[in-house]
Amino acid sequence: MAKIIFLLLSILSFYTSALKAQYIEIQGFVKSKNKPVAFAVLRIKDTNYGAESDTLGFYRIRIPQRNTQVTLLVNVIGFYEYKNSFILGTQTTVHLDIDLSNYEQSIEEVVVTATKTPKKNTDTPIIVNILDSQTLNNVQACNLAEGLKFQPGLRVETDCQTCNYTQLRMNGLSGQYSQILINGRPILSSLTSLYGLEQLPTNMIDRVEVIRGGGASLYGSSAVGGTVNILTKIPQKNDYEVNYSLQSINGKSTDHQFNANLNRLFAHKKIAVATFFNHRNRDYYDHNSDNFSEIPLLKSYAIGFNSIFLPEKNQKLELSLSYLNEYRYGGEMVRKAAHLAQQAEERTHHIYLGNLDYQVNFNENKSSFITYIAWQKTDREHYTGVIPDDSLSIEEHLLQPPYGTSYTQTLQAGGQLNHSFNILKSKNILTLGTEYTQESIFDEIKAYQYLIDQKVENIGIFLQNDWEILPKLNLLYGIRADKHNTLPNWNFSPRASLLYKLGQQTQIRASYGEGFKAPQAFDTDLHIAFAGGGVSRVRLAPNLTQERSQSFSASINYDKANEYFVAGFTLELFRTSLKDAFYTENIGEDAFGEILEKKNGRNATVQGLTIELRANFRRKLQIESGFTLQSSLYKEPISYIENLAPQKDFLRTPQQYGFVLVNISPNKKYKFNFNMVYTGSMLLAHFAGAPNQNQDVLLYSKDFVEMSTKGSYNVHLKALKSNMEIFGGIKNLLNMYQNDFDIGKNRDSNYIYGTALPRTFFVGIKFYP
């Protein structure tokens, strides 16, 4: 019996050894930035052998022994596909660690706006939403204004029926509370901000980083509602893109746009240059057939470049220069001089933008120093006028038509020191910086005795520490001190943000920040509107003083990923308290029209919640959405129009709004996009004067929905070694466009709401490598 058992064990041992010898075990860890990557799917190409990494990133694959080449593929949501080909020898175990640091996609994007230093998005204590160039392309955005509405908590509105100037509203606050940056620098002047969102073409933009709320007070007094940082394109390889599109606006007018980009790397990649060109030609559009436009004629072109030079491994020099030219005309649709039209606004802009940044890393890359200078200059010739009714006034009008000139210049210079160090095994990044900002505004229309001649200067000093207390707990805290030349004392704005990671999928955040608004002219104050046969102008009250703000937000962010999909949500609560809040009141008339005065009100509170939902199934189906519920109220009622009951509600501020984006990519040839923007009812002021409006009123608008769609087909052109994309679609599919516009020359041009475009068909073609 013992002999039989011994024989069986010998046979079993032999077959076990033989079986073991026939297989090779590949094992190791999957990591990214020295952190484990769980649920990564690993497989040997053209076989059924594979495995999935565990929560520590460890994997083990057993395959038959063979002295041949194999290819290992690694796929995980949030990363591009990893490939590694190697030859299997006769060894029984192969140890192979996989680093996916250079394969990360948007779920782990590195952002710079929250902390002024590069940091992984899921590790920053402040929520940073990203609008990338691919999304701008998917929604067929012709400019930045058309793209920003697809961000949670943001709303872009058109505020003039004649010239169509736009403003960005964040978390229920008007445009003057939003800080617009280009490559981290606030060089869009108050005047440029009137039309700047429309003047920046999307083909110059790499991505836009958005921070809602005053948690970003590190960027100065304007960052009360939030911060939008426009990052221009930086070349990663030699490539190009040529794009032409044609839009038909409700079958009545056309819009042609041509874009071109060229990216080049030189001198062993130590120099990289990205250039762009944009040309647009849009005819004016009349919606109510009164021969006065609702969408102005537009002719523009933009050209520029962004370059990077790496003189040494620890140094970087970045230079950007751009020139934007725009001609805009709205009003009576006649082909003659603007002052001969019954009513018209005509603008010619020449805008120059530039910035120069130098960065050096030292102390074994534990420290870095950045110094920069940024500049913007705008020259504008403009006309804003209505031909009077009586013959004497007509003669005066023709002798001195209300043409005007504007000159604005913005300059910012500063330096920033970053230092990384450890205290009690916890990592800290200390940032100390100072900056000087100057804005000069000159805007004059002699015929109206209208003049703004203002020079504002601000010296800012900021200090912050990014403290990783524990692997799951991070505290970002700091203070900013500003000395504004319109105010006698320094203003101190503390801030603090806390991040707690509840497992790998969940982040909980809370932020507090303070800020202020100086008593100066803002973008909307520089806009001259039509009402009652005259023009309305805004002036600053003699005793106007600063406005203070306190902002608080709290959020929870959750994302669940596996080998097939990623899905998640973000829920954010926000509250901003304003002390001595600015508001505009109608105080009467003069010989030229209505006079509005910017005053300090009492206190006001803006509060609400924003929810974001997102899902991505194998990168073939992507869904993003955001919805905001809010209230924006003054503590005491405000008089917007003389002799009408005061109101607590903010003007032009809906209590609910949101968006939905759906992208479908079944394969590399076909792409489809569906999107929708919803805006709820809002309080509006409507001044009398037009034939259809005989009294001043305050009223609530109806809510509206803008649905759009786009489809594209890709063809590879082997002979040209290029790809061709043909695309088309419809904007505002349901044609939910405002239908109660004022008519004629005496219309209230500020009475405009709803979608920016009526139903618009578009087609186009694009070439790229």
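The values are calculated or read from the model by the stated rules, or taken from the named source; none is laboratory data. Being a predicted model, the structure only gives us computed values, none of them experimental. Don't worry about glycine lacking a Cβ; one is built from the backbone with ideal geometry, like all the others, and counts go over all protein chains shown. With ligands, DNA and RNA removed, areas are computed over all heavy atoms of the protein, side chains included. Shrake-Rupley method; radii C 1.70, N 1.55, O 1.52, S 1.80 Å.
Restricting to Cα atoms and excluding each atom paired with itself, what does the Kirkwood estimate give for the stretch 657-707 in Å? Intermediate values should be presented prior to the final figure.
Details: mean 1/r = 0.0702 Å⁻¹.
Roughly 14.3 Å, rounded to one decimal.
Could you run the Debye sum over the Cα atoms of the stretch 627-769, one equal point scatterer each and no solvent, and tell me log10 of I(q)/I(0) at q = 0.11, 0.14, 0.21 Å⁻¹, two decimals?
Debye output, listed in q order: -0.61, -0.81, -1.25.
Can you give the relative contact order of the chain as a percent, counting alpha carbon pairs under 8 Å and 6+ residues apart? Mind showing how you got there, number by number?
On the way: 2185 pairs, mean separation 76.4, N = 769.
Contact order relative to length: 10 percent.
How large is ³J(HN,Hα), in whole Hz, for each residue of the stretch 483-496 in order, when computed from phi with the Karplus curve 6.51 cos²θ - 1.76 cosθ + 1.60 and θ = phi - 60°, using x for Gly and Pro?
Per-residue couplings from phi come out as 10, 9, 5, 8, 10, x, 10, 5, 10, 10, 10, x, 8, 7 Hz.
Please list, or write none, the lysines whose alpha carbon is within less than 16 Å of the alpha carbon of Lys149, excluding same-chain residues fewer than 8 places away.
Straight-line reach from Lys149, under 16 Å: Lys731.
Quick one: 3J(HN,Hα) in Hz for the stretch 436-444, Karplus 6.51/-1.76/1.60 with θ = phi - 60°, rounded, Gly and Pro as x.
Once θ is set to phi - 60°, the couplings for the stretch 436-444 become 10, 10, 10, 10, 10, 10, 10, 9, 9 Hz.
Principal axes first, then extents: for the Cα atoms of the stretch 279-436, list largest minus smallest coordinate on each axis, whole Å, largest first.
On the principal axes, the stretch 279-436 reaches 81, 30, 29 Å in Cα extent.
Could you give the length gained by full extension between Asn75 and Glu364, i.e. 0.36 nm per residue of separation minus their alpha carbon distance, to one decimal place? Before the final figure, lay out each step's value.
On the way: separation 289, 0.36 × 289 = 104.04 nm, distance 3.40 nm.
Full-extension gain reported as 100.6 nm.
Bin width 10 Å, alpha-carbon pairs only: give the P(r) of the stretch 231-342 as whole percents, running from 0 to the bin holding the largest distance.
13, 31, 23, 17, 11, 5, 0
Let me understand the stretch 311-351 better: what is its radius of gyration from the alpha carbons, and its Dmax, in angstrom?
When restricted to Cα atoms, the stretch 311-351 yields Rg and Dmax of 20.6, 63 Å.
Excluding ligands, DNA and RNA, what is the solvent-accessible area per residue of the chain at a probe of 1.4 Å, expressed in Å²? Don't jump to the answer; show the numbers that get you there.
Values: 33680 Å² over 769 residues.
With the other protein chains kept in place, the chain gives 44 Å² per residue.
Highest first, please rank the peptides 659-667, 285-293, 80-88, 193-201 by the mean number of other Cβ atoms sitting within 10 Å of their residues. Intermediate results must be reported in sequence, preceding the final value.
Working: 659-667: 16.2, 285-293: 18.0, 80-88: 12.2, 193-201: 24.9.
With the highest mean Cβ count within 10 Å placed first, the list reads 193-201, 285-293, 659-667, 80-88.
Do any chymotrypsin sites (Phe, Trp or Tyr not before Pro) in the stretch 463-500 lie in a loop, going by DSSP, with at most 16 other beta-carbon atoms within 10 Å of their beta carbon, and if so which? Present the calculation step by step, with values, prior to reporting the outcome.
Details: sites: Trp467, Tyr477, Trp490, Phe492, Tyr500; in loops: Trp490.
Those that pass, being in a loop and sparsely packed, are Trp490.
What FRET efficiency do you get for Thr486 and Thr68 if R0 is 60 Å and r is their Cβ-Cβ distance, rounded to the nearest 0.05?
Working: r = 76 Å, r/R0 = 1.27.
About 0.20, to the nearest 0.05.
What whole-number volume per residue, in cubic angstrom, does the convex hull of the C-alpha atoms of the stretch 631-674 give?
Working: hull volume 4.2 nm³, N = 44.
So the per-residue Cα hull volume is 96 Å³.
So for the stretch 459-582, what percent of the C-alpha to C-alpha distances run longer than 26 Å? Numbers along the way, then the final one.
On the way: 3609 of 7626 pairs.
Cα-Cα pairs in the stretch 459-582 separated by more than 26 Å: 47 percent.
Given that compact globular proteins tend to follow 2.2 N^0.38 Å, what is the ratio of the alpha-carbon Rg of the stretch 370-474 to that value? Mind showing how you got there, number by number?
Numbers: Rg = 25.4 Å, N = 105, 2.2 N^0.38 = 12.9 Å.
Its radius of gyration relative to the 2.2 N^0.38 Å reference: 1.97.
Using a 1.4 angstrom probe on heavy atoms only, work out the carbon and sulfur share of the accessible area of the stretch 179-332 in %. Display every interim value, and only then the final one.
Working: 3020 of 5320 Å².
Answer for the stretch 179-332: carbon and sulfur cover 57 percent of the accessible area.
Under the √(5λ) rule applied to the eigenvalues of the Cα gyration tensor, what semi-axes describe the equivalent ellipsoid of the stretch 414-519? Give them in Å, descending.
On the way: eigenvalues 322, 54, 25 Å².
Each semi-axis is the square root of five times an eigenvalue, giving 40, 16, 11 Å.
Translational diffusion coefficient, Stokes-Einstein: compute it for the chain using the Kirkwood radius over C-alpha pairs as Rh, at 10 °C and 1.306 mPa s, and state it as an integer in µm² s⁻¹.
On the way: Rh = 28.5 Å.
Reported coefficient: 56 µm²/s.
Treating cross-link reach as a plain straight distance, find the lysines whose alpha-carbon is under 19 Å from the alpha-carbon of Lys599, omitting any fewer than eight places away in the same chain.
Straight-line reach from Lys599, under 19 Å: Lys517, Lys579, Lys635, Lys648.
Radius of gyration and Dmax for the stretch 601-664's Cα atoms, expressed in Å?
Cα only, the stretch 601-664: 18.3, 60 Å (Rg, Dmax).
Give the cross-link partners of Lys671 among the lysines, using a straight C-alpha distance below 16 Å as the criterion and excluding same-chain residues fewer than 8 apart.
Lys620, Lys710, Lys766
Based on the mean of other beta carbon atoms within 10 Å per residue, what is the order of 641-649, 132-140, 150-158, most packed first?
Working: 641-649: 13.6, 132-140: 20.7, 150-158: 23.4.
Going from most to least packed, we get 150-158, 132-140, 641-649.
By accessible area of protein heavy atoms, probe 1.4 Å, what ranking do Arg652, Arg43, Arg548 get, highest first?
Details: Arg652 35, Arg43 100, Arg548 55 Å².
Largest accessible area first, the list is Arg43, Arg548, Arg652.
Within the stretch 172-202, whose backbone N sits under 13 Å from a point 7 Å along Cα→Cβ of Leu262?
In the stretch 172-202, the label zone of Leu262 (backbone N under 13 Å from the point 7 Å along Cα→Cβ) covers no residue.
So how strong a dipole does the chain carry about its Cα centre when Lys and Arg Cβ are +1 and Asp and Glu Cβ are -1, to the nearest 20 debye? Before the final figure, lay out each step's value.
On the way: 77 positive and 73 negative charges, 834 e Å.
Charge dipole, the chain, about its Cα centre: 4000 debye, nearest 20.
Estimate the FRET efficiency between Tyr301 and Ile587 by the formula 1/(1 + (r/R0)^6), using the beta-carbon distance for r and 35 Å for R0, to the nearest 0.05.
Working: r = 41 Å, r/R0 = 1.18.
Using R0 = 35 Å, I get an efficiency of 0.25.
Any idea what log10 I(q)/I(0) is at q = 0.14 Å⁻¹ for the stretch 541-592, Debye with uniform C-alpha scatterers and no solvent?
Listed by q, the Debye log ratios stand at -0.66.
Taking R0 as 41 Å, what FRET efficiency do you get between Lys237 and Leu502 from their Cβ-Cβ distance, rounded to the nearest 0.05?
0.60
Go through the stretch 362-370 residue by residue and turn each phi into a ³J(HN,Hα) via Karplus (6.51, -1.76, 1.60, θ = phi - 60°); whole Hz please, and just put x for glycine and proline.
8, 6, 6, 6, 7, 10, 8, 10, 10
Kindly provide the helix-only [θ] at 222 nm of the chain, computed as the sum of -39,500 (n - 2.57) over DSSP H runs of four or more divided by all residues, to the nearest 500 deg cm²/dmol? Write out the running numbers ahead of the final one.
Working: 5 runs with 49 residues, N = 769.
Rounded to the nearest 500, the figure is -2000 deg cm²/dmol.
Helix check for the chain. Which DSSP H runs span at least 27 Å along their own axis by Cα, with a mean Kyte-Doolittle hydropathy no less than 1.0? Walk me through the numbers on the way to the answer.
Details: long enough: 2-22 (30 Å, 1.32).
Span-like helices in the chain: 2-22.
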